[in-house]
Amino acid sequence: MAFEITSEQEMIRLMARDFARKELEPMAAAWEHQGIFPMDAIKKMGELGLLGMMVPPELGGSGAGAVAYSLALQEIAYACASSAVTMSVANLSTEPLLKFGSPEQKEKWLVGLAEGALLGAFALTEPGAGSDPGSMATTAVLRKDKYIINGTKVFITHGQYADIINLIARTGQERGTKGLSAFIIEKGMPGFTIGTKEDKMGLRASNTVELVFEDCEVPAKNLLGNPGEGFKVAMLALDSGRIGIASQAVGIARAALAEAITYTEQRRQFGKTINSFQAIQFMIADAATQIEAASWLTLAAADRKDRGLKFTKEASMAKLYASETANKAAYMALQVHGGYGYTKEYKVERLYRDARATTIYEGTSEVQRIVIAREVIKT
Ligand code: CAA
C-alpha cells in the first residue's frame, strides 16, 4: 500500500494548526469552563474553508478531501475538542445534501454550508432511539405540499445555532429502518423550537440541545432523496462522521500525550525528573504507539473515502480504536500528573472529560463493533 500525505494536505494541516494554536488554544479552557459556544471562532473556521472540506469547489467547498479534513480536524481537536466536534458535525451535515440533494437543494443550502455562511446540524437520535435509530418515533405526514412533523430529537450538536438541520423522521407505515425519510429543516420554521440544553460532563463549549417539533410544517420540496431513504441517508452521513470523530479523538490523544511529556520532564520526585522512571516511560511509549496506530487507521479510512471506495468498516474501526485510545491517553496523562491532574488548573482534567464522549456519540464503541463484525463476518 502506498500512502503519502501530499504537500497540499500538509499545507492544510499547517494552516489549521496555525489557526488552532493562535485562535482556539488560548481561549479553549475559558470557553469550556464557562460553557461558551465560540461562534466567532466557528465563523472564522468557515471562512478558512474548514466547514466544507469534502464539498467540491463548484459547490462552495474547499474540495480538500477526507484526508486533509482528518489532518485539519486533528489539529483543531488538539487545541479545542469542543470546536472540533462542531467542525465535525458541520462537515457531516454537508454529506446528505452532497449525495442526495437535487441541484436546487444544493444551490439553496449546500453552497452556504460549504462556504461557512450557514451552519448545519444532524438530527437522528431521540429519547427512546439512540443506538437503534430504527425505533424512532418522530413522524412526518404528507398533507398536500407539506410534511407535518411531530416529535423530539435529543443530543443535537449545535442545534441551537444551526441554520439548517438534516432531520430523519418516519414517513411510512413500515417499522424499523424502513419508512424513514430525510428532510432539511430551516431555523425559525413554525412549530420548531429548541428544548433543553444539556449540561454536559465535557465538551462544554460545544452546544448540545433538544429539538422539539410540534405540527411543524415543512415544504415537501425539503425532502432529501426519496421517501423511505432516510436510514440510508443517515448511515452514509455517519460513515463520514465517524472519520471526523476518530480524528477528533486522535487530536485529543495527541494533546494528552504532549501534556504528559511536558509535565513528566519538569516534575521531580526521589531526586530526579519522573520521566527518568521506566514506569512513566512505558506509559508514554504505549500511548505514543496507540496514537500512531489510531492516526493511520483514521487516515486509511479517509483515503478510501477520497478514492471513492466503501469505507464503512474502516471508519468504524478508526472511530472505535481512536476513541478508546483518546480515553487511555487522557487517563495516562492525568495519572502522571498525580493530584495536580485532578484539578482544573491543568489541561489534562479537561482532556479527560472531553475524551469521554468520543466512545459514545456517532455510535458507541459497541455499535462500531456491530458494524465491524457484520462486515468482517460476511466477507
Ligand atoms: N451505508 C449505507 N447503507 C447502510 C449502512 C451504511 N453504512 N448501514 C446500514 N445500511 C443499510 C443496510 O444495507 C440496510 O439496507 P436494506 O434494508 O436495503 O437491506 C438498512 O440500512 C438497515 O441496516 P441494518 O439492518 O444494518 O440496520 P440496524 O437496525 O441493524 O442498525 C446499526 C445497524 C449499525 C446498529 C445502526 O443502527 C447504527 O449505526 N446505530 C448507531 C446510530 C448512531 O451512530 N447514532 C449517533 C447519532 S449522531 C450523534 O451522535 C450526535 C452528534 O451530533 C455528534
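Things to note:
- Segment 120-164: number of residues that are assigned to a loop (DSSP other than H, G, I, E, B) and either near the ligand (Cβ under 9 Å from one of its atoms) or among the charged types (D, E, K, R) (or both): 10
- Pairs where the first residue, in segment 319-338, is within 13 Å of Leu351 (Cβ to Cβ) and among the basic types (Lys, Arg) and the second is at pLDDT 95 or above and not in a helix (DSSP H, G or I), C-beta under 9 Å, 6+ apart: none
Residues checked against (1) open to solvent by less than 10 Å² (accessible area, probe 1.4 Å); (2) modelled with pLDDT under 95; (3) more than 13 Å from the ligand (Cβ to nearest atom); (4) not aliphatic (A, V, I, L, M):
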position: Thr177; (1), (2), (3), (4): no, no, no, yes
position: Met189; (1), (2), (3), (4): no, no, yes, no
position: Phe192; (1), (2), (3), (4): no, no, yes, yes
position: Leu203; (1), (2), (3), (4): yes, no, no, no
position: Pro219; (1), (2), (3), (4): no, no, yes, yes
position: Leu224; (1), (2), (3), (4): yes, no, yes, no
position: Gly228; (1), (2), (3), (4): no, no, no, yes
position: Val233; (1), (2), (3), (4): yes, no, no, no
position: Asp239; (1), (2), (3), (4): no, no, no, yes
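- Scanning segment 334-352 for residues that are open to solvent by less than 30 Å² (accessible area, probe 1.4 Å) and in contact with a Lys or Arg (Cβ under 9 Å, 6 or more places away or on another chain) returns Val336, His337, Arg350.
- Test result for Ile274, open to solvent by less than 30 Å² (accessible area, probe 1.4 Å) and farther than 25 Å from Phe3 by Cα: yes
- Lone qualifier among Ala237, Ala255 - being more than 17 Å from the chain's Cα centre (by Cα) and assigned to a helix (DSSP H, G or I): Ala255
- Filtering Phe100, Phe37 for residues that are open to solvent by 10 Å² or more (accessible area, probe 1.4 Å), in contact with a strand residue (DSSP E or B) (Cβ under 7 Å, 6 or more places away or on another chain) and in contact (Cβ under 8 Å) with a residue 60 or more places away in the chain leaves a single hit, Phe100.
- Sole exception among (1) within 16 Å of the ligand (Cβ to nearest atom); (2) without any contact (Cβ under 8 Å) to a residue 24 or more places away in the chain; (3) open to solvent by 60 Å² or more (accessible area, probe 1.4 Å); (4) assigned to a helix (DSSP H, G or I) for Thr289, by number: (1)
- Of the listed requirements (1) touching a helix residue (DSSP H, G or I) at 6+ places or on another chain (Cβ under 8 Å); (2) at positive phi, Gly35 misses just one: (1).
Here's the yes/no breakdown for (1) in the same structural domain as Thr364 (by TED's automatic domain parsing); (2) touching a His at 6+ places or on another chain (Cβ under 9 Å):
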residue: Ala182; (1), (2): no, no
residue: Thr193; (1), (2): no, no
residue: Ser206; (1), (2): no, yes
residue: Ala220; (1), (2): no, no
residue: Gly251; (1), (2): yes, no
residue: Arg254; (1), (2): yes, no
residue: Glu259; (1), (2): yes, yes
residue: Gln278; (1), (2): yes, no
residue: Ala288; (1), (2): yes, no
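- There is no residue in segment 47-67 that is under 20 Å from Arg350 (Cβ atoms) and modelled with pLDDT of 95 or more.
The values are calculated or read from the model by the stated rules, or taken from the named source; none is laboratory data. Small disclaimer: the values here were computed from a predicted structure and weren't measured. Methodologically, a virtual Cβ is constructed for each residue, glycine included, from the backbone with ideal geometry; neighbour enumeration extends over all protein chains shown. In case anyone asks, the SASA skips ligands and DNA or RNA and just uses the protein heavy atoms, side chains included. Shrake-Rupley method; radii C 1.70, N 1.55, O 1.52, S 1.80 Å.
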